[in-house]
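Before any comments, here is the structure.
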Amino acid sequence: MGLDMSLYREIQMKGKMEITDKKVGEVLNEDTMRPIVKHEVCYWRKFNALHKYFNDHFNEQDNDNCVDMYMSIDDIKELLALVKKIRGAVKMDGDNIANPEVCKELPTEEGFFFGSTDYDKYYVSDLDLTIEQLSKVIDEHEKLIKAGVEEYNIDYYYRAWY
């Protein structure tokens, strides 16, 4: 039990879906149906500071449990720049961050099974994981664009559950 967090990439394919079942075809508008490929591209566990960031910037609901929050690739790039900035400014004193004020743009948040709110080696580890994962997402997005996938809709969604 706890805060599980994912970022999904959703690609709406260009071609129309072919529906061979007459009963299904009668119910659905085949002219607007497009296949969608959706897969998880990032996963975090109990990084409550990042969850707070997503809620503060992308959540239009009163709820944050199992709610899809849309992000553009530019939003992802902006988040990566912020995380890199914080990570670059962090100074450690043993297992704790000696200058936690540098984390003010990505503060921790209490919540039901959200994990620690300390600014320590685990917070830094989560920053490192975020940099690694978001860098990969951006790299893959650019490769998709170069491969001609810009003709498709490429969207990103954050979702957490606890």
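The values are calculated or read from the model by the stated rules, or taken from the named source; none is laboratory data. For clarity, every value in this text was computed on a predicted model and none was experimentally measured. Every residue, glycine among them, receives a Cβ derived from its backbone with ideal geometry; neighbour counts consider all protein chains shown. Surface accessibility is based on the protein's heavy atoms, side chains included, excluding ligands, DNA and RNA. Shrake-Rupley method; radii C 1.70, N 1.55, O 1.52, S 1.80 Å.
Some values worked out for this structure:
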| quantity | calculated |
| --- | --- |
| Farthest positive-ward along the chain dipole, Cα basis, beta-carbon charges - from Ile154, Asn55, Gly2 | Ile154 |
| Pairwise FRET efficiency - Glu40 versus Ser116, Cβ, R0 = 25 Å, nearest 0.05 | 0.55 |
| Size of electric dipole in the chain: Cβ of Lys, Arg +1 and of Asp, Glu -1, about Cα centre, debye, nearest 20 | 420 |
| Under 5 Å, built H, 5+ apart or other chain: amide partners of Met71 | Tyr156, Tyr157, Tyr158 |
| Within a Gaussian network of the chain (alpha carbon springs, distance under 10 Å), most fluctuating of Asp126, Asp62, Asp75 | Asp62 |
| Local electrostatic count at Gly111 - Lys and Arg +1, Asp and Glu -1, tallied over other residues with Cβ under 14 Å | -2 |
| Rounded, prolate or oblate (a/c below 1.5 giving rounded, otherwise prolate when a/b exceeds b/c) for the chain by Cα gyration tensor | prolate |
| Share of carbon and sulfur in the accessible heavy-atom surface of region 22-142 [1.4 Å probe, %] | 48 |
| Per-residue SASA entry for Asp128, accessible area with 1.4 Å probe, Å² rounded to 10 | 70 |
| The chain - mean residue ellipticity at 222 nm from DSSP helices (-39,500 (n - 2.57) per run, n ≥ 4, rounded to 500) | -12000 deg cm²/dmol |
| Å² per residue, accessible surface of the chain at 1.4 Å | 59 |
| Where Thr130, Thr117 fall by accessible area, highest first, once all protein chains stay in place (1.4 Å) | Thr117, Thr130 |
| Heavy atoms of Glu140: accessible area, 1.4 Å probe, square angstrom to 10 | 60 |
| Sparse-neighbourhood loop sites, chymotrypsin sites (Phe, Trp or Tyr not before Pro) in region 38-146 - DSSP loop, at most 15 other Cβ within 10 angstrom | Phe112, Phe113 |
| Order of exposure, largest accessible area first, which applies to Glu40, Glu109, Glu78 with probe 1.4 Å | Glu78, Glu40, Glu109 |
